[in-house]
1. Shape verdict for region 114-211, please, from the Cα gyration tensor: rounded (a/c under 1.5), prolate (a/b greater than b/c) or oblate.
2. Using only Cα atoms and rounding to the nearest 10 degrees, what angle (0 to 90) does helix 4-18 make with the longest principal axis of the chain?
3. Under 5 Å between amide H atoms, partner at least 5 residues away or on a different chain: which partners does Gly290 have, H built in plane at 1.01 Å?
4. Projecting each Cα onto the charge dipole of region 325-418 (Lys/Arg +1, Asp/Glu -1 at the beta carbon, about the Cα centre), which of Leu413, Trp332, Ala344 comes out farthest on the positive side?
5. Dipole of the chain, Cα-centred, from +1 at each Lys and Arg C-beta and -1 at each Asp and Glu C-beta, to the nearest 20 debye?
6. Which of Asn268, Val454, Ile401 sits closest to the plus end of the dipole of the chain, meaning its Cα is farthest towards the positive end, when Lys and Arg get +1 and Asp and Glu get -1 on the C-beta?
7. For region 261-352, which whole percent of the accessible surface, found with a 1.4 angstrom probe, sits on carbon and sulfur atoms?
8. Can you grab the distance from the C-alpha centre of region 342-380 to the C-alpha centre of region 391-439, Å, no decimals?
Amino acid sequence: MPQLPAILVGAVFAIAVMLPGSHGALAAEVAQTGAPHLDGRLLGAVWVVPFAGILLSIALFPLLAPMVWHHHFGKISALWALAFLVPFAAIFGVELAGYELLHTVLLEYIPFIVLLTALFTVAGGVRLAGSLVGTPLANTVGLALGTVLASLMGTTGASMLLIRPLLRANEHRRHKIHTVVFFIFLVSNVGGSLTPLGDPPLFLGFLKGVDFFWPTVHLLAPMGFLSGLLLVIYFVLDLYLHTRDPGKHPLIEGVHEREPIRIEGAVNLLLLLAIIGAVLLSGVWHPGIGVTIHHVTVSLETIVSNLLLLAITGLSLLLTSAKSRRMNGFSWGPILEVAKLFAAIFLTIIPAIAILKAGTDGALGAIIAAVNEGGKPNPAAYFWAAGILSSFLDNAPTYLIFFNTAGGEAQPLMTDLSLTLTAISAGAVFMGANSYIGNAPNFMVKAIAEERGVAMPSFFGYMAWSCGILVPLLVLTTLVFFV
(Lines give C-alpha, C1' and ligand atoms only; values in the text may rest on other atoms or scores of the structure.)
Protein backbone atom coordinates (compact mmCIF):
# COMPACT_ATOMS: atom_id res chain seq x y z
CA MET A 1 0.00 0.00 0.00
CA PRO A 2 2.74 2.58 0.83
CA GLN A 3 4.14 2.06 -2.70
CA LEU A 4 0.96 3.46 -4.29
CA PRO A 5 2.02 7.15 -4.19
CA ALA A 6 5.42 6.21 -5.67
CA ILE A 7 3.67 4.58 -8.62
CA LEU A 8 1.55 7.72 -9.03
CA VAL A 9 4.71 9.84 -9.36
CA GLY A 10 5.21 8.34 -12.82
CA ALA A 11 1.52 8.61 -13.67
CA VAL A 12 1.28 12.29 -12.76
CA PHE A 13 4.52 12.96 -14.65
CA ALA A 14 3.25 11.23 -17.79
CA ILE A 15 -0.15 12.94 -17.75
CA ALA A 16 1.36 16.35 -17.05
CA VAL A 17 3.80 16.03 -19.94
CA MET A 18 0.96 15.27 -22.32
CA LEU A 19 -1.14 18.24 -21.21
CA PRO A 20 -0.98 21.28 -23.46
CA GLY A 21 0.66 24.29 -21.86
CA SER A 22 3.11 27.05 -22.69
CA HIS A 23 5.98 25.85 -20.52
CA GLY A 24 8.35 27.80 -22.76
CA ALA A 25 6.50 31.00 -21.89
CA LEU A 26 7.25 30.32 -18.26
CA ALA A 27 10.93 29.84 -18.98
CA ALA A 28 10.99 33.12 -20.92
CA GLU A 29 9.33 34.93 -18.03
CA VAL A 30 11.91 33.52 -15.59
CA ALA A 31 14.72 34.65 -17.85
CA GLN A 32 13.31 38.17 -18.15
CA THR A 33 12.64 38.75 -14.48
CA GLY A 34 15.61 36.88 -13.03
CA ALA A 35 13.41 35.29 -10.37
CA PRO A 36 11.33 32.13 -10.76
CA HIS A 37 7.59 32.62 -11.00
CA LEU A 38 4.86 29.99 -11.06
CA ASP A 39 2.06 31.04 -13.40
CA GLY A 40 -1.12 29.27 -12.31
CA ARG A 41 -2.56 29.69 -15.81
CA LEU A 42 -0.15 27.01 -17.03
CA LEU A 43 -1.33 24.38 -14.56
CA GLY A 44 -4.10 21.93 -15.30
CA ALA A 45 -6.30 20.38 -12.66
CA VAL A 46 -4.13 17.21 -12.75
CA TRP A 47 -1.56 19.00 -10.61
CA VAL A 48 -4.01 18.86 -7.70
CA VAL A 49 -3.86 15.02 -7.72
CA PRO A 50 -1.05 14.75 -5.10
CA PHE A 51 -2.95 17.11 -2.78
CA ALA A 52 -6.09 15.02 -3.23
CA GLY A 53 -3.92 11.95 -2.62
CA ILE A 54 -2.66 13.07 0.78
CA LEU A 55 -6.21 14.02 1.80
CA LEU A 56 -7.54 10.61 0.74
CA SER A 57 -4.65 8.91 2.53
CA ILE A 58 -5.54 10.72 5.75
CA ALA A 59 -9.17 9.76 5.19
CA LEU A 60 -8.88 6.13 4.07
CA PHE A 61 -5.67 4.58 5.42
CA PRO A 62 -6.79 4.69 9.10
CA LEU A 63 -9.94 2.79 8.02
CA LEU A 64 -8.52 0.33 5.45
CA ALA A 65 -5.00 -0.24 6.76
CA PRO A 66 -4.72 1.26 10.28
CA MET A 67 -1.47 -0.52 11.22
CA VAL A 68 0.23 0.49 7.97
CA TRP A 69 -0.86 4.10 8.51
CA HIS A 70 0.19 4.15 12.17
CA HIS A 71 3.72 2.96 11.39
CA HIS A 72 4.28 4.57 7.99
CA PHE A 73 2.16 7.76 7.72
CA GLY A 74 5.33 9.86 7.57
CA LYS A 75 6.67 7.86 4.62
CA ILE A 76 3.30 7.94 2.83
CA SER A 77 3.14 11.71 3.30
CA ALA A 78 6.67 12.10 1.93
CA LEU A 79 5.79 10.02 -1.14
CA TRP A 80 2.80 12.25 -1.94
CA ALA A 81 5.05 15.30 -1.60
CA LEU A 82 7.47 13.70 -4.07
CA ALA A 83 4.55 12.83 -6.36
CA PHE A 84 4.19 16.59 -6.84
CA LEU A 85 7.79 17.76 -6.55
CA VAL A 86 9.53 15.29 -8.91
CA PRO A 87 7.25 15.80 -11.95
CA PHE A 88 7.15 19.53 -11.25
CA ALA A 89 10.94 19.76 -11.27
CA ALA A 90 11.16 17.62 -14.42
CA ILE A 91 8.65 19.75 -16.35
CA PHE A 92 9.16 23.28 -15.03
CA GLY A 93 12.81 23.00 -14.05
CA VAL A 94 14.82 22.45 -10.90
CA GLU A 95 15.23 26.18 -10.35
CA LEU A 96 11.50 26.88 -10.10
CA ALA A 97 10.91 23.71 -8.08
CA GLY A 98 13.68 24.71 -5.67
CA TYR A 99 12.27 28.20 -5.39
CA GLU A 100 8.74 26.95 -4.60
CA LEU A 101 10.15 24.43 -2.10
CA LEU A 102 12.24 27.05 -0.30
CA HIS A 103 9.41 29.61 -0.40
CA THR A 104 6.99 27.14 1.17
CA VAL A 105 9.43 25.79 3.77
CA LEU A 106 11.00 29.09 4.84
CA LEU A 107 8.01 31.45 4.68
CA GLU A 108 5.09 29.15 5.44
CA TYR A 109 5.92 25.74 6.94
CA ILE A 110 8.66 26.71 9.42
CA PRO A 111 6.71 29.69 10.89
CA PHE A 112 3.60 27.47 11.03
CA ILE A 113 5.27 24.58 12.85
CA VAL A 114 7.32 26.83 15.15
CA LEU A 115 4.18 28.70 16.28
CA LEU A 116 2.22 25.46 16.66
CA THR A 117 5.04 23.87 18.67
CA ALA A 118 5.27 26.89 20.95
CA LEU A 119 1.52 26.91 21.61
CA PHE A 120 1.45 23.12 22.03
CA THR A 121 4.34 23.18 24.52
CA VAL A 122 3.23 26.20 26.52
CA ALA A 123 -0.45 25.24 26.71
CA GLY A 124 0.57 21.68 27.56
CA GLY A 125 2.34 23.03 30.64
CA VAL A 126 -0.86 24.48 32.11
CA ARG A 127 -2.65 21.88 34.23
CA LEU A 128 -5.98 22.34 35.93
CA ALA A 129 -5.66 20.13 38.99
CA GLY A 130 -8.54 19.21 41.25
CA SER A 131 -11.99 17.80 40.68
CA LEU A 132 -13.16 18.44 37.14
CA VAL A 133 -16.56 16.93 36.35
CA GLY A 134 -17.91 17.05 32.80
CA THR A 135 -21.61 17.67 33.40
CA PRO A 136 -23.66 19.02 30.47
CA LEU A 137 -23.77 22.49 32.02
CA ALA A 138 -20.04 22.52 32.85
CA ASN A 139 -19.11 21.31 29.37
CA THR A 140 -21.31 23.93 27.69
CA VAL A 141 -19.86 26.71 29.84
CA GLY A 142 -16.37 25.45 29.02
CA LEU A 143 -17.08 25.51 25.29
CA ALA A 144 -18.54 29.02 25.57
CA LEU A 145 -15.45 30.20 27.47
CA GLY A 146 -13.17 28.66 24.84
CA THR A 147 -15.16 30.34 22.07
CA VAL A 148 -14.53 33.73 23.66
CA LEU A 149 -10.87 33.03 24.39
CA ALA A 150 -10.25 31.98 20.77
CA SER A 151 -10.51 35.60 19.59
CA LEU A 152 -8.14 36.77 22.31
CA MET A 153 -5.36 34.17 22.10
CA GLY A 154 -6.09 32.55 18.74
CA THR A 155 -7.95 29.38 17.89
CA THR A 156 -4.76 27.33 18.23
CA GLY A 157 -3.84 28.85 21.61
CA ALA A 158 -7.32 28.41 23.07
CA SER A 159 -7.57 24.87 21.69
CA MET A 160 -4.25 23.76 23.12
CA LEU A 161 -5.01 25.39 26.46
CA LEU A 162 -8.47 23.90 26.99
CA ILE A 163 -8.64 20.53 25.24
CA ARG A 164 -6.78 18.57 27.92
CA PRO A 165 -8.86 19.90 30.87
CA LEU A 166 -12.03 19.18 28.89
CA LEU A 167 -10.93 15.61 28.12
CA ARG A 168 -9.94 15.05 31.73
CA ALA A 169 -13.28 16.36 33.00
CA ASN A 170 -15.08 13.87 30.75
CA GLU A 171 -12.90 10.82 31.39
CA HIS A 172 -15.77 9.14 33.26
CA ARG A 173 -18.21 9.73 30.40
CA ARG A 174 -18.95 6.96 27.90
CA HIS A 175 -19.90 9.44 25.14
CA LYS A 176 -17.08 11.91 24.48
CA ILE A 177 -16.74 12.19 20.71
CA HIS A 178 -19.49 14.81 20.36
CA THR A 179 -17.77 17.04 22.91
CA VAL A 180 -14.50 17.04 20.95
CA VAL A 181 -16.32 17.62 17.65
CA PHE A 182 -18.20 20.65 19.02
CA PHE A 183 -14.93 21.84 20.58
CA ILE A 184 -13.41 21.87 17.07
CA PHE A 185 -16.46 23.69 15.69
CA LEU A 186 -16.47 26.39 18.35
CA VAL A 187 -13.05 26.83 19.95
CA SER A 188 -10.84 25.80 17.03
CA ASN A 189 -12.76 27.77 14.40
CA VAL A 190 -15.91 29.89 14.90
CA GLY A 191 -14.62 31.55 18.07
CA GLY A 192 -11.59 33.05 16.34
CA SER A 193 -13.57 35.48 14.20
CA LEU A 194 -13.62 38.67 16.30
CA THR A 195 -10.03 39.95 16.19
CA PRO A 196 -6.94 39.59 13.96
CA LEU A 197 -5.42 37.52 16.79
CA GLY A 198 -8.15 34.92 16.40
CA ASP A 199 -7.34 33.32 13.05
CA PRO A 200 -4.65 33.81 10.35
CA PRO A 201 -7.05 35.11 7.64
CA LEU A 202 -8.11 38.03 9.84
CA PHE A 203 -4.48 38.74 10.69
CA LEU A 204 -3.74 38.94 6.95
CA GLY A 205 -6.64 41.38 6.60
CA PHE A 206 -5.17 43.47 9.40
CA LEU A 207 -1.83 43.57 7.57
CA LYS A 208 -3.68 44.65 4.40
CA GLY A 209 -5.20 47.65 6.20
CA VAL A 210 -8.40 46.34 7.82
CA ASP A 211 -8.92 48.04 11.21
CA PHE A 212 -8.10 45.89 14.24
CA PHE A 213 -11.64 46.03 15.68
CA TRP A 214 -13.44 45.89 12.33
CA PRO A 215 -14.04 42.12 12.66
CA THR A 216 -15.30 42.64 16.23
CA VAL A 217 -18.01 45.00 15.03
CA HIS A 218 -19.02 43.26 11.81
CA LEU A 219 -18.60 39.58 12.66
CA LEU A 220 -20.03 39.72 16.18
CA ALA A 221 -23.63 39.14 15.03
CA PRO A 222 -22.99 36.15 12.68
CA MET A 223 -20.46 34.65 15.10
CA GLY A 224 -22.84 35.05 18.06
CA PHE A 225 -25.73 33.63 16.03
CA LEU A 226 -23.81 30.55 14.86
CA SER A 227 -22.01 29.84 18.13
CA GLY A 228 -25.23 30.35 20.13
CA LEU A 229 -27.05 27.76 18.02
CA LEU A 230 -24.12 25.33 18.30
CA LEU A 231 -24.00 25.70 22.09
CA VAL A 232 -27.76 25.10 22.41
CA ILE A 233 -27.57 22.00 20.20
CA TYR A 234 -24.55 20.75 22.12
CA PHE A 235 -26.22 21.22 25.52
CA VAL A 236 -29.35 19.32 24.43
CA LEU A 237 -27.28 16.51 22.89
CA ASP A 238 -24.92 16.26 25.86
CA LEU A 239 -27.82 16.28 28.31
CA TYR A 240 -29.45 13.41 26.42
CA LEU A 241 -26.22 11.38 26.24
CA HIS A 242 -25.46 12.09 29.90
CA THR A 243 -28.70 10.42 30.94
CA ARG A 244 -27.67 7.32 28.99
CA ASP A 245 -24.30 6.89 30.72
CA PRO A 246 -24.35 3.57 32.61
CA GLY A 247 -22.78 5.02 35.75
CA LYS A 248 -22.12 8.35 37.41
CA HIS A 249 -18.85 9.96 38.30
CA PRO A 250 -17.83 9.02 41.85
CA LEU A 251 -17.65 12.70 42.82
CA ILE A 252 -21.31 13.14 41.88
CA GLU A 253 -22.24 10.15 44.01
CA GLY A 254 -20.26 11.58 46.88
CA VAL A 255 -17.81 8.65 47.14
CA HIS A 256 -14.82 10.97 47.02
CA GLU A 257 -14.33 14.36 48.53
CA ARG A 258 -14.26 17.19 46.01
CA GLU A 259 -10.75 18.58 45.54
CA PRO A 260 -10.50 22.34 44.92
CA ILE A 261 -9.48 23.33 41.41
CA ARG A 262 -6.05 24.90 41.12
CA ILE A 263 -3.69 25.83 38.29
CA GLU A 264 -0.27 24.22 37.98
CA GLY A 265 2.30 25.74 35.65
CA ALA A 266 0.69 29.19 35.79
CA VAL A 267 3.88 30.73 34.40
CA ASN A 268 2.80 29.32 31.05
CA LEU A 269 -0.14 31.72 31.00
CA LEU A 270 2.38 34.56 30.91
CA LEU A 271 4.28 32.72 28.19
CA LEU A 272 1.05 32.50 26.15
CA LEU A 273 0.88 36.29 26.27
CA ALA A 274 4.51 36.38 25.16
CA ILE A 275 3.61 34.19 22.15
CA ILE A 276 0.86 36.63 21.17
CA GLY A 277 3.39 39.46 21.45
CA ALA A 278 5.89 37.61 19.23
CA VAL A 279 3.22 37.04 16.57
CA LEU A 280 2.09 40.67 16.67
CA LEU A 281 5.72 41.79 16.40
CA SER A 282 6.07 40.08 13.03
CA GLY A 283 2.98 41.93 11.82
CA VAL A 284 3.70 45.47 12.97
CA TRP A 285 7.52 45.71 12.85
CA HIS A 286 8.96 45.94 9.34
CA PRO A 287 12.65 46.99 9.31
CA GLY A 288 12.88 46.24 5.59
CA ILE A 289 15.86 43.85 5.76
CA GLY A 290 16.20 40.10 5.68
CA VAL A 291 18.13 37.08 4.46
CA THR A 292 17.70 35.98 0.83
CA ILE A 293 18.20 32.37 -0.27
CA HIS A 294 17.58 31.54 -3.95
CA HIS A 295 15.32 34.59 -4.45
CA VAL A 296 13.37 33.83 -1.24
CA THR A 297 13.73 36.64 1.31
CA VAL A 298 13.08 35.79 4.93
CA SER A 299 12.43 39.11 6.65
CA LEU A 300 14.18 40.07 9.87
CA GLU A 301 10.85 40.29 11.70
CA THR A 302 10.04 36.68 10.74
CA ILE A 303 13.45 35.47 11.92
CA VAL A 304 13.18 37.36 15.21
CA SER A 305 9.61 36.19 15.77
CA ASN A 306 10.57 32.54 15.20
CA LEU A 307 13.59 32.82 17.50
CA LEU A 308 11.41 34.36 20.21
CA LEU A 309 8.88 31.54 19.84
CA LEU A 310 11.63 28.93 20.13
CA ALA A 311 12.98 30.70 23.21
CA ILE A 312 9.49 30.76 24.76
CA THR A 313 9.18 27.02 24.04
CA GLY A 314 12.48 26.39 25.79
CA LEU A 315 11.47 28.53 28.78
CA SER A 316 8.22 26.60 29.11
CA LEU A 317 10.08 23.28 29.20
CA LEU A 318 12.57 24.69 31.70
CA LEU A 319 10.04 26.32 34.05
CA THR A 320 7.34 23.64 34.04
CA SER A 321 7.50 20.61 36.28
CA ALA A 322 8.04 17.36 34.35
CA LYS A 323 5.63 15.66 36.74
CA SER A 324 2.93 18.22 35.99
CA ARG A 325 3.35 17.66 32.24
CA ARG A 326 3.19 13.91 32.77
CA MET A 327 0.02 14.25 34.86
CA ASN A 328 -1.37 16.45 32.07
CA GLY A 329 -0.90 13.63 29.56
CA PHE A 330 1.64 15.67 27.61
CA SER A 331 3.70 13.94 24.91
CA TRP A 332 5.30 14.93 21.63
CA GLY A 333 3.29 12.44 19.55
CA PRO A 334 0.54 14.81 18.34
CA ILE A 335 2.90 17.59 17.24
CA LEU A 336 5.14 15.10 15.39
CA GLU A 337 2.12 13.70 13.57
CA VAL A 338 0.97 17.16 12.55
CA ALA A 339 4.50 18.16 11.47
CA LYS A 340 4.83 15.17 9.12
CA LEU A 341 1.35 15.35 7.62
CA PHE A 342 1.33 19.13 7.12
CA ALA A 343 4.76 19.08 5.50
CA ALA A 344 3.17 17.10 2.66
CA ILE A 345 0.02 19.23 2.69
CA PHE A 346 2.00 22.49 2.46
CA LEU A 347 3.96 21.18 -0.54
CA THR A 348 1.15 19.52 -2.47
CA ILE A 349 -1.10 22.56 -2.00
CA ILE A 350 1.33 24.75 -4.01
CA PRO A 351 -0.32 24.16 -7.42
CA ALA A 352 -3.85 24.50 -6.01
CA ILE A 353 -3.06 27.95 -4.58
CA ALA A 354 -1.29 28.99 -7.81
CA ILE A 355 -4.32 27.95 -9.88
CA LEU A 356 -6.62 29.97 -7.63
CA LYS A 357 -4.32 32.99 -7.85
CA ALA A 358 -4.67 32.87 -11.62
CA GLY A 359 -8.27 33.94 -11.09
CA THR A 360 -10.67 33.45 -13.96
CA ASP A 361 -7.78 32.43 -16.23
CA GLY A 362 -6.94 29.41 -14.09
CA ALA A 363 -8.32 25.88 -14.12
CA LEU A 364 -10.60 26.83 -11.21
CA GLY A 365 -11.65 30.14 -12.79
CA ALA A 366 -15.34 29.20 -12.66
CA ILE A 367 -15.20 29.47 -8.85
CA ILE A 368 -13.75 32.98 -8.99
CA ALA A 369 -16.21 34.11 -11.66
CA ALA A 370 -19.21 32.77 -9.73
CA VAL A 371 -18.82 35.18 -6.81
CA ASN A 372 -19.74 38.25 -8.88
CA GLU A 373 -23.07 38.91 -10.57
CA GLY A 374 -23.26 41.63 -13.19
CA GLY A 375 -19.94 43.06 -12.04
CA LYS A 376 -21.14 43.34 -8.43
CA PRO A 377 -20.01 41.05 -5.60
CA ASN A 378 -22.50 38.54 -4.25
CA PRO A 379 -21.87 38.27 -0.47
CA ALA A 380 -23.53 34.84 -0.18
CA ALA A 381 -21.40 33.51 -3.04
CA TYR A 382 -18.24 34.93 -1.46
CA PHE A 383 -19.20 33.36 1.89
CA TRP A 384 -19.55 29.88 0.41
CA ALA A 385 -16.69 30.08 -2.11
CA ALA A 386 -14.21 31.28 0.52
CA GLY A 387 -15.68 28.82 3.02
CA ILE A 388 -15.66 25.67 0.87
CA LEU A 389 -12.07 26.27 -0.25
CA SER A 390 -11.05 27.06 3.35
CA SER A 391 -12.47 23.69 4.37
CA PHE A 392 -9.62 21.93 2.56
CA LEU A 393 -7.03 24.53 1.60
CA ASP A 394 -5.10 26.94 3.80
CA ASN A 395 -7.71 29.53 4.81
CA ALA A 396 -5.18 32.39 4.96
CA PRO A 397 -4.25 32.52 1.24
CA THR A 398 -7.86 31.63 0.36
CA TYR A 399 -9.00 34.73 2.27
CA LEU A 400 -6.40 36.81 0.46
CA ILE A 401 -7.47 35.52 -2.96
CA PHE A 402 -11.10 36.56 -2.41
CA PHE A 403 -10.03 39.79 -0.69
CA ASN A 404 -8.21 40.70 -3.91
CA THR A 405 -11.05 39.39 -6.10
CA ALA A 406 -13.40 41.81 -4.30
CA GLY A 407 -11.12 44.76 -5.05
CA GLY A 408 -8.15 44.36 -2.73
CA GLU A 409 -8.51 47.81 -1.16
CA ALA A 410 -9.22 47.79 2.58
CA GLN A 411 -11.04 51.13 2.79
CA PRO A 412 -13.87 50.45 0.30
CA LEU A 413 -14.15 46.86 1.55
CA MET A 414 -14.62 48.12 5.13
CA THR A 415 -17.28 50.66 4.07
CA ASP A 416 -19.26 50.32 0.84
CA LEU A 417 -18.47 46.60 0.49
CA SER A 418 -18.52 45.78 4.20
CA LEU A 419 -21.03 42.93 3.75
CA THR A 420 -18.74 41.33 1.16
CA LEU A 421 -15.70 41.54 3.45
CA THR A 422 -17.80 40.18 6.32
CA ALA A 423 -18.82 37.25 4.11
CA ILE A 424 -15.22 36.52 3.07
CA SER A 425 -14.00 36.73 6.67
CA ALA A 426 -16.80 34.60 8.08
CA GLY A 427 -16.50 31.98 5.35
CA ALA A 428 -12.74 31.62 5.80
CA VAL A 429 -12.98 31.33 9.60
CA PHE A 430 -16.26 29.46 10.16
CA MET A 431 -15.84 26.80 7.50
CA GLY A 432 -12.38 25.79 8.58
CA ALA A 433 -14.40 23.50 10.84
CA ASN A 434 -15.79 21.48 7.92
CA SER A 435 -12.85 19.06 7.82
CA TYR A 436 -9.92 18.02 9.99
CA ILE A 437 -7.45 19.90 7.78
CA GLY A 438 -9.53 23.08 7.43
CA ASN A 439 -7.67 24.80 10.25
CA ALA A 440 -4.40 24.01 12.03
CA PRO A 441 -5.80 23.21 15.51
CA ASN A 442 -8.42 20.76 14.19
CA PHE A 443 -5.93 17.99 13.59
CA MET A 444 -4.05 18.82 16.78
CA VAL A 445 -7.22 18.45 18.85
CA LYS A 446 -8.01 15.15 17.09
CA ALA A 447 -4.50 13.81 17.75
CA ILE A 448 -4.56 14.80 21.43
CA ALA A 449 -8.03 13.31 21.91
CA GLU A 450 -6.99 10.03 20.30
CA GLU A 451 -3.90 9.90 22.48
CA ARG A 452 -6.18 10.24 25.50
CA GLY A 453 -8.28 7.27 24.37
CA VAL A 454 -11.13 8.99 22.50
CA ALA A 455 -12.04 7.06 19.34
CA MET A 456 -12.37 10.08 17.07
CA PRO A 457 -14.23 9.77 13.75
CA SER A 458 -12.32 9.18 10.52
CA PHE A 459 -11.79 12.01 8.03
CA PHE A 460 -15.13 11.32 6.38
CA GLY A 461 -16.73 10.42 9.69
CA TYR A 462 -15.92 13.87 11.01
CA MET A 463 -17.31 15.43 7.83
CA ALA A 464 -20.55 13.54 8.49
CA TRP A 465 -20.77 15.47 11.76
CA SER A 466 -19.95 18.80 10.10
CA CYS A 467 -22.32 18.23 7.17
CA GLY A 468 -25.09 17.04 9.47
CA ILE A 469 -24.85 19.81 12.08
CA LEU A 470 -22.63 22.69 11.02
CA VAL A 471 -23.48 23.03 7.31
CA PRO A 472 -27.28 23.45 7.87
CA LEU A 473 -26.48 26.15 10.42
CA LEU A 474 -24.16 27.83 7.90
CA VAL A 475 -27.03 27.82 5.39
CA LEU A 476 -29.23 29.48 8.01
CA THR A 477 -26.48 32.01 8.73
CA THR A 478 -26.33 32.79 5.00
CA LEU A 479 -30.07 33.45 4.84
CA VAL A 480 -29.99 35.69 7.92
CA PHE A 481 -26.87 37.75 7.18
CA PHE A 482 -25.69 37.46 3.56
CA VAL A 483 -28.78 37.31 1.32
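1. Numbers: a/c = 2.69, a/b = 1.83, b/c = 1.47.
The shape class here is prolate.
2. 30 degrees
3. Leu300
4. Towards the positive end, the residue furthest out is Trp332.
5. On the way: 21 positive and 23 negative charges, 259 e Å.
Computed charge dipole of the chain: roughly 1240 debye.
6. Farthest towards the positive end: Val454.
7. The computed percentage sits at 73.
8. Cα centres, region 342-380 to region 391-439: 12 Å.
The values are calculated or read from the model by the stated rules, or taken from the named source; none is laboratory data. None of these values were measured; they are calculated from a predicted model. No Cβ is skipped: glycine too gets one built from the backbone with ideal geometry, and neighbour counts run over all protein chains shown. With ligands, DNA and RNA removed, areas are computed over all heavy atoms of the protein, side chains included. Shrake-Rupley method; radii C 1.70, N 1.55, O 1.52, S 1.80 Å.
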